Amino acid sequence: MTRESGRCTSAAVHHLQTTFFSSLLKARATLSVAALVLLLTPARTLHAAQPPPDFATSQDLSALSDSSALPPPTDKLVGAAVEAFRQGDLSRARDLARRAVADGRQQAPLYKLLASTEYLLGEPQQFETHIRAALALAPDDADLHYHLARHLYEQQRYREAAKVFGRASTLDDEHYKARYYEGLLAEARGEPERAKDLFVDAIATIDRRRVRYVWPLVDLGRLLVDQGEIERGLSWLYRAVRTDPELPYAHYEYAKALLRQPEPTAEVERALRDAIRLDPGYASAYYVLARYYATTGDRQQANEMFAKLVADEIGLGRDKRRRSRIASRRLSAMSNASMKVWQIGRFGLDALEVTERPVPAPGPRELLVRVGAVSLNYRDRLVVEGAMIPDLPLPFVPASDAAGEVIALGEDVSRFRVGDRVTSHFLPAWIDGTGSGTEGDYVSLGGPLPGVLAEYVALDEQAVVATPPYLSDHEASTLPIAAVTAWAALVEYGGLRPGQTVLVEGTGGVSIFALQLAVAAGARVIVTSSSDERLARAKALGASDGVNYVRHPEWSRQVLDLTDGRGVDHIVEVVGGDNVKQAVKALARNGHLALIGIMQGLSLNLDIVPFMRRRAMLRGVLVGSRRSFESVNRALEARQIHPVIDKDYPFAEVPAAFEHLKRGAFGKVVVRLGA
């Protein structure tokens, strides 16, 4: 399908009409919501996290032209919009539907039609707006909830998606597609048993209703295989292949399961060949087939598969530079390569040493990233000195915040491609919302997980975000802790609004990002520091006032004077310890204190009466989710905000970078690995 001039070609119209969903039309509906699902999924899918659309039968298509399925015949405007959509004239369909809505026709089917056209025309945000409008008119429509949830899922807004899928299941306890997606989300949360139950529940409904929808079968089989139950998993995968022999993903997972057997047979090759035949762009199938040939000793066939993998028609070969990088994925590639890393064999800044290690090979769903830059945080110093994780296994590679380029992929990667620029996510297991509620949410890179102060790192694809294209690696490396923490403290937890007053303590990484974000949001910012020179630099970034806390030990009084006795609405508390007592005195009524730093200690002795009198909120902030990271990236890009880097150091001078960090930086300290 082409979006040229808002029109579909005749061939694309035919494709559209032959790929509607089985629920495209409902009895007595003026226009079914089911047409929307066609718009929710990319054409090619390589992983369970992105299932394909649910294609319709010819019976559904004939129903489309049935007058009982169209808006009332007396409403010519709506009828013309529907007809334009059926003919593939998307721009005209959208314009007519908009006119109908503007004229007062508040009908759920119209909003469904608008959602369809907006998505096909490349406006996913408008798609969500119109779906929600349709839901406001038809709140008990389970299919509408399902389609909204699919959209949220594909936007990686997983927590929201889970709630809406649950609502769809509540409204229709036989909505097997909603059950299936609930299973995928349960698996992503680390609840495999719950995922299996949901897959089985979906399959039971599918069997009862005698529909052909095999995705739950495939993913139940895949999950069982991943848990070591090879034979049980194979039985489900075999059934999926027999039920829907036209689904490439089923053949692919079946082949992967066969490879887990002690002696894989030629059936592996047949299954992978079938997957490629059905989807010639199935890159993962080419890769696994190449590995199969390599394990059987057929190096010629293996190299042929790798050659096809990097060809333009597979969608991975963009230019010679990229092809050479993708080709490095051959099984023997980089097996003898080494890289430089900084590590500690004992605690202490003087224990930092550079050494060589083998370049890591990316495992399943992992990316091999060539690091371009690493930024240092206060916690990195605590880790190196042994103050934060005293039982940390040694030797250990420190630091958590890095940016670079993907140069190789493990199996089943679906979120990124070779050549993409990515930035590490500090808390890999915390994807969205408040997390799973387990300690696993707070297992972080750079301690206890291995750090990134190396030339290459292998990271789970869920543990990175796309780097904003306007930023260099040096700038992007500053974001994972500092920018996300500032965003979470002020925007997500604090609900920052224009006209409010923000107090930022110090001029380190978190504080400077908080300053920049608050100024961009239209807030007044007051900064505290021990240095007049740094206060002047902060004012150059948009701060309205500065307070030197060395000259004014009771600095809260100065803040109250600057706010005519009112106090501030938000405090970004990065010092901790007894400093919090001063911060509380500077709070306005209903103020919000985001407790972030521990520079003055890990404990707090606080009189709660001032909090009660001010009806204040004390919030502990530990960075944020991947969703938060993606949100702050969008905000930074929209305003073209560039991180403030005090100094960058070459990779050979990491100890000097840590010493700079110890002295204190205005903004961030960065270690550069690239040019």
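Points worth noting:
- Within the stretch 197-213, the set of residues being surrounded by 19 or more Cβ atoms within 10 Å (Cβ to Cβ) and free of Cβ contacts under 8 Å to residues at least 40 places away in the same chain comprises Leu198, Phe199, Asp201, Ala202, Ile203, Thr205, Ile206.
- Among the residues of the stretch 256-279, the one identified as touching a Pro at 6+ places or on another chain (Cβ under 9 Å) and in the same structural domain as Asp219 (by TED's automatic domain parsing) is Leu258.
- Yes/no for Ser556 being crowded, with 20+ Cβ neighbours inside 10 Å, hydroxyl-bearing (Ser, Thr, Tyr), out of contact with any Asp or Glu (no Cβ under 8 Å at 6 or more places or on another chain) and under 23 Å from Leu496 (Cα atoms): yes
- Ala488 vs. criteria assigned by TED's automatic domain parsing to the domain that holds Leu595, surrounded by fewer than 24 Cβ atoms within 10 Å (Cβ to Cβ) and aliphatic (A, V, I, L, M): yes
- Enumeration of residues in the stretch 519-535 that are part of a helix (DSSP H, G or I) and not acidic (Asp, Glu): Val519, Ala520, Arg534, Leu535
- Some residue of the stretch 262-284 being hydroxyl-bearing (Ser, Thr, Tyr), under 33 Å from the mean Cα position of the chain (by Cα), modelled with pLDDT under 90 and farther than 19 Å from Asp219 by Cα: no
- Residue match in the stretch 454-462 (condition: more than 20 Å from the chain's Cα centre (by Cα) and either assigned by TED's automatic domain parsing to the domain that holds His592 or among the small types (Gly, Ala, Ser) (or both)): yes
- Test: residue in the stretch 308-316 that is acidic (Asp, Glu), part of a helix (DSSP H, G or I) and modelled with pLDDT under 75: yes
Residues checked against (1) under 30 Å from Glu630 (Cα atoms); (2) in the same structural domain as Ala466 (by TED's automatic domain parsing); (3) crowded, with 22+ Cβ neighbours inside 10 Å:
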site	(1), (2), (3)
Ala161	yes, no, yes
Thr170	no, no, no
Glu174	no, no, no
Glu193	yes, no, no
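- Of all residue pairs spaced 6 or more apart or on separate chains, none has beta-carbon atoms under 8 Å together with a first member in the stretch 529-547 that is outside the structural domain of Gly567 (by TED's automatic domain parsing) and a second member that is surrounded by fewer than 19 Cβ atoms within 10 Å (Cβ to Cβ) and among the charged types (D, E, K, R).
- Verdict on Ala138 being closer than 26 Å to Asp173 by Cα and among the aliphatic types (A, V, I, L, M): yes
Here is a yes/no grid of residues against (1) β-branched (Val, Ile, Thr); (2) under 18 Å from Gly506 (Cβ atoms); (3) without any contact (Cβ under 8 Å) to a residue 12 or more places away in the chain:
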| position | (1), (2), (3) |
| --- | --- |
| Val574 | yes, yes, no |
| Asn579 | no, yes, no |
| Ala583 | no, yes, no |
| Leu587 | no, yes, no |
| Asp607 | no, no, no |
| Met612 | no, no, yes |
| Met617 | no, no, no |
| Val621 | yes, yes, no |
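- Restricting the stretch 522-552 to residues that are acidic (Asp, Glu) and over 18 Å from Gln582 (Cβ atoms), the residue that is surrounded by the most Cβ atoms within 10 Å (Cβ to Cβ) is Asp532.
- Applying the criterion of at least 2 residues that are of a type in the set (A, V, I, L, M), within 30 Å of Val211 (Cα to Cα) and touching a His at 6+ places or on another chain (Cβ under 8 Å) to the helices (runs of 4 or more DSSP H) found wholly in the stretch 74-191 leaves 108-120, 124-137, 158-171.
- Set side by side, the residues Val502, Val443, Val519 differ, and just one is in the same structural domain as Asn579 (by TED's automatic domain parsing) and surrounded by fewer than 22 Cβ atoms within 10 Å (Cβ to Cβ), which is Val519.
- In the stretch 538-649, counting only strands (runs of 3 or more DSSP E) that sit wholly within it, the ones holding 2 or more residues that are under 27 Å from the mean Cα position of the chain (by Cα) span 587-595, 617-620.
- Residues that are of a type in the set (D, E, K, R), assigned to a loop (DSSP other than H, G, I, E, B) and more than 24 Å from Val211 (Cα to Cα), drawn from the stretch 243-265: Arg260, Glu263
- Verdict on Tyr153 being out of contact with any strand residue (DSSP E or B) (no Cβ under 8 Å at 6 or more places or on another chain) and either surrounded by fewer than 16 Cβ atoms within 10 Å (Cβ to Cβ) or farther than 24 Å from Ala202 by Cα (or both): no
The values are calculated or read from the model by the stated rules, or taken from the named source; none is laboratory data. In this text, all values refer to a predicted model and were calculated from it rather than measured experimentally. Ideal geometry is used to build each Cβ from the backbone, glycine not excepted, and the neighbour counts take in all protein chains shown.
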